[in-house]
Each structure stands twice: as C-alpha cells, then as structure tokens.
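Here is the structure we will look at.
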Amino acid sequence: MGLRILHKHRSLRLEKQQRLEDEARRSEYAQARIRAEVQRRKEAERERQRQVRREQEVREQEESARATQKAKEHSQRQQDAFKAQQKQEDRRMYQQWREMCDIIFTHPAQATRIPEPPNWPCGDIGCTVPRKLKACRHNLERFFSATGDIQLTLNEERLRWSPNRRVFAELENNGVKGAGGMATELFQVMGSLRSE
Ligand SMILES: [Zn+2]
C-alpha cells in the first residue's frame with residue numbers, strides 16, 4: 001500500500017516534470033518563431049527601402065536624360081538660328097559686292113579699285129590662298145553659296161569675271177592695277193568650284 005502511493009507520487013512528479021519540459025520547449029519554439037518573424041520583417045523592410053532607392057535612382061536618371069535632351073535641343077536651335085543669321089548676312093554681303101562690281105564694270109573709268117570678296121578665317125588644313133585674292137577657295141565657296149544656288153551663281157559670275165572681257169584691260173589702263181590678275185584668279189577658282 002505504502003509502495004503504491006510512493007509509486008504514484010513519483011509518477012505524478014515525472015508527469016509534472018515532463019509537462020514543464022514540454023512547456024519550456026514550446027516557449028522556446030514560440031520565441032524562435034518570433035525571432036524569425038522579426039528577422040523576416042526587417043528583411044522585408046530593407047528590401048522595401050532598396051526598392052524605393054532603385055525607383056528614386058531610375059527617376060533621377062530619367063530626369064537627367066530629359067534635362068540633357070532639352071539642353072541639346074536648345075543648343076541645336078541656337079546653332080540653327082546662328083547659321084540662318086550668318087547665311088542671311090553672307091547673302092547681304094554678296095549682293096552688296098555684286099552691285100559694287102556691276103557699277104565698276106559699267107563705269108570702269110571712275111573705278112579706283114575692285115572690292116575683294118570677304119576673307120573669313122579658314123579652318124581648312126592645308127588651305128592654299130590664291131596669290132592675288134585675299135579670300136581662299138573655301139571663303140569663295142561660302143560666299144557664292146549664300147545665294148542658295150551656288151552652281152547658278154558660279155555660272156553667272158564666270159561670265160562676269162571672264163579675263164577676256166575688255167573691261168579688265170580698261171581698268172588696268174585706268175590705273176586699277178591687278179584687275180586682270182584678280183579676274184583670272186576668280187575665274188579659275190570659280191571653274192574648279194563649279195566642276196566639284
Ligand atoms: Zn580655305
């Protein structure tokens with residue numbers, strides 16, 4: 001009888017110990033799950049922040065690309081406007097030069113000199129400037145292009161500057177030295193520009 005009670009008592013104690021151990025294990029599992037969950041949420045938050053940064057970077061790149069494109073377009077418009085203005089100025093200069101030459105060809109006796117075509121700075125490497133003219137062939141190409149039809153202009157000018165014209169001998173006789181030489185050079189350069 002006494003032994004049975006003792007046995008039961010021990011059994012209860014073992015049961016209780018077992019229960020305590022189970023509880024401890026469950027608590028450990030629960031804590032591990034909580035830690036894992038906390039870790040998962042931290043990782044998710046980090047990933048969300050990375051995503052925000054990536055989106056921010058993409059927006060900044062797009063913004064920068066748009067700004068670059070806008071600046072390029074602005075610069076292109078400015079360049080086009082500058083070129084158009086230059087072309088207009090070239091045309092005005094050409095018309096003025098042609099009118100002055102026409103007056104001289106019509107009244108060679110009153111002429112003292114022949115106006116030179118403009119000699120703009122030339123960026124062409126190895127450019128050879130004709131001996132009598134200050135303008136190089138590139139200057140002349142630009143000058144005669146100002147009309148909008150260089151071939152037509154060259155055809156007209158070749159007739160006007162033909163060295164065989166009597167007017168150049170008259171000019172030389174009137175003291176306009178170099179008139180014949182200038183006509184010859186202009187005629188030659190125009191010829192080579194025309195055949196290009
Ligand atoms: Zn040149």
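The values are calculated or read from the model by the stated rules, or taken from the named source; none is laboratory data. None of these values were measured; they are calculated from a predicted model. Cβ atoms come from the backbone with ideal geometry, glycine included; neighbour counts cover every protein chain shown.
Pairs are defined by a Cβ separation below 6 Å, a sequence spacing of at least 6 or placement on different chains, a first member in the stretch 160-187 that is within 15 Å of Gln110 (Cβ to Cβ), and a second member that is modelled with pLDDT under 95 and of a type in the set (Val, Ile, Thr); the pairs so defined are Ala179/Ile114.
In the stretch 123-134, the qualifying residues are those that are charged (D, E, K, R) and either within 9 Å of the ligand (Cβ to nearest atom) or surrounded by 11 or more Cβ atoms within 10 Å (Cβ to Cβ) (or both), and the one that is nearest to Trp97 (Cα to Cα) is Lys134. Got at least one residue in the stretch 97-107 being closer than 15 Å to Gln188 by Cα and not in a helix (DSSP H, G or I)? Within the stretch 97-107, not a single residue is closer than 15 Å to Gln188 by Cα and not in a helix (DSSP H, G or I). Considering the stretch 135-150, the residues that are part of a helix (DSSP H, G or I) and under 11 Å from Pro118 (Cβ atoms) include one that is nearest to the ligand (Cβ to nearest atom), namely Asn139.
Checking Arg131, Arg158, Arg137 one by one, the residue that is at pLDDT 95 or above and either within 28 Å of the chain's Cα centre (by Cα) or among the charged types (D, E, K, R) (or both) is Arg158 and no other.
Filter the stretch 151-196 for residues that are assigned to a loop (DSSP other than H, G, I, E, B), more than 19 Å from Arg131 (Cα to Cα) and of a type outside the set (Asp, Glu) and give the result. Spell out the reasoning first.
Taking the stretch 151-196 first, the residues assigned to a loop (DSSP other than H, G, I, E, B) are 161-165, 174-178, 195-196.
Now drop any that are not more than 19 Å from Arg131 (Cα to Cα), which leaves 164-165, 174-175, 195-196.
If the condition is that a residue be assigned to a loop (DSSP other than H, G, I, E, B), more than 19 Å from Arg131 (Cα to Cα) and of a type outside the set (Asp, Glu), then Asn164, Arg165, Asn174, Gly175, Ser195 are the ones that fit.
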